[in-house]
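See below for the structure under consideration.
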Amino acid sequence: MCGRYTLSVKAGVVAKRFGLAVKPDDVRANYNVAPSQVMPVILESSDGKRYLNQMHWGIPRMLGKDLVKELINTRADKAFGGFWKRTVLGRRCLVPATGFYEWQAGKDGKTPFFIHPKDTEIFAFAGIWDVWKGLDGQEMQSYSIMTTEPNQEMKTIHTRMPVILRPEDEERWIDPSNNTSEGLESLLFPSADNSLEMYEVSRDVNSPKTNDEHLLLPV
């Protein structure tokens with residue numbers, strides 16, 4: 001899964017890397033992005049222009065009359081059926097990131113690791129988004145990150161990993177006209193083996209209230 005990630009570059013870097021039509025002014029460094037936080041995602045308009053939008057991390061889903069669960073991840077193997085199909089086919093986004101955290105279970109509890117593609121400053125998760133209307137009538141845009149099977153490195157830590165899009169696949173993922181399962185399923189695969197750098201970091205990352213550069217330091 002992907003329960004925490006980082007976005008620690010300036011707005012200009014995001015704009016240049018993803019070819020945004022307008023440089024955003026609301027991108028701030030976040031070293032511990034947690035569910036329910038509002039973060040930038042990238043969309044593409046029908047005329048091919050990319051733009052940034054701020055959204056809530058976690059797509060709400062009603063599980064009962066009054067029970068709402070926010071789904072921060074969407075499994076690739078279940079993406080084209082049931083609850084998710086309409087959203088995956090019609091509302092996709094790029095989730096810019098500079099890395100993510102995952103926890104390895106052990107005898108002394110769970111150990112956090114920081115993980116990112118080698119030699120890459122910034123990349124994009126495959127994301128989807130939706131609009132939720134609460135009981136108060138207020139609408140909220142929210143997003144979820146696609147996950148898939150782990151590659152060789154990730155298998156040592158967890159049974160799932162986020163879909164990290166190759167730069168050459170990003171356009172296909174957010175292209176509104178690419179709206180069939182056949183055109184999208186081929187993009188939802190694990191990162192290549194030996195393509196990730198990962199190392200143990202401080203357990204301070206366990207608290208979403210902790211948010212500074214020391215979380216990225218190896219221990």
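The values are calculated or read from the model by the stated rules, or taken from the named source; none is laboratory data. Fair warning: this is a prediction, and the values are worked out from it, not measured in the lab. Positions of Cβ are generated from backbone atoms using ideal geometry, with glycine treated the same way; all protein chains shown enter the neighbour counts. All accessible areas refer to the heavy atoms of the entire protein, side chains included, with ligands and DNA or RNA removed. Shrake-Rupley method; radii C 1.70, N 1.55, O 1.52, S 1.80 Å.
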*Which value does Rg/Rh take for the chain over its C-alpha atoms, Rh per Kirkwood?*
0.95
_Added length on full extension, which subtracts the Cα-Cα distance from 0.36 nm per residue, Asn53 to Phe80_ = 7.3 nm
_Accessible area of the stretch 1-79 belonging to carbon and sulfur atoms, whole % at 1.4 Å probe_ = 50
_Using only the alpha-carbon atoms of the stretch 126-170 as identical scatterers, what base-10 log of I(q)/I(0) does the Debye formula give at q = 0.22, 0.30 Å⁻¹?_
-0.79, -1.02
*Can you give me the relative contact order of the stretch 1-66 as a percent, contacts being Cα pairs under 8 Å and 6 or more apart?*
29
*Subtracting the Cα-Cα distance from 0.36 nm times the residue separation, let me have the gained length for Asn178 to Ser195 in nm, one decimal.*
3.4 nm
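Over the stretch 33-99, consider all pairs of different Cα atoms and compute the Kirkwood hydrodynamic radius from their mean reciprocal separation; express it in Å, one decimal. Could the numbers behind the result be given before it?
Values: mean 1/r = 0.0734 Å⁻¹.
After inverting the pairwise mean of 1/r, the radius is 13.6 Å.
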*For Lys209 and Glu121, calculate 0.36 nm times their separation in residues minus their Cα-Cα distance, and state this gained length in nm to one decimal.*
29.2 nm
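Roll a 1.4 angstrom probe over the protein heavy atoms and tell me the percent of accessible area of the stretch 143-219 that is carbon or sulfur.
Numbers: 1940 of 3900 Å².
Carbon and sulfur atoms account for 50 percent of the accessible area of the stretch 143-219.
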*Leaving out same-chain residues fewer than 8 places away, which lysines sit with a Cα under 18 Å from that of Lys10?*
Lys23
*Separation between the Leu63 and Lys107 pseudo-spin-labels, each 7 Å from Cα along Cα→Cβ, expressed in nm?*
3.4
*With 10 Å bins from zero, work out the P(r) of the stretch 1-64 over every alpha carbon pair and list the percent per bin.*
20, 45, 28, 7, 1
*Per residue, how many Å² of accessible area does the chain show with a 1.4 Å probe?*
50
*Straight distance only, please: which aspartates and glutamates reach the Cα of Lys69 with their own Cα at less than 18 Å, same-chain residues fewer than 8 apart left out?*
Asp130, Asp136, Glu139
*asked:* Need one number: nm distance between label points at Ser186 and Ser46, each 7 Å from Cα along Cα→Cβ, rounded to one decimal.
replied: 2.7
*For the stretch 1-123, what is the Kirkwood estimate of the hydrodynamic radius, computed as the reciprocal of the mean inverse distance between distinct Cα atoms, to one decimal in Å?*
16.3
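With every protein chain kept in the model, how would you rank Thr210, Thr180 by accessible area, 1.4 Å probe, largest at the top? Could you put the intermediate results ahead of the total?
Values: Thr210 35, Thr180 60 Å².
If we order Thr210, Thr180 from most to least accessible, we get Thr180, Thr210.
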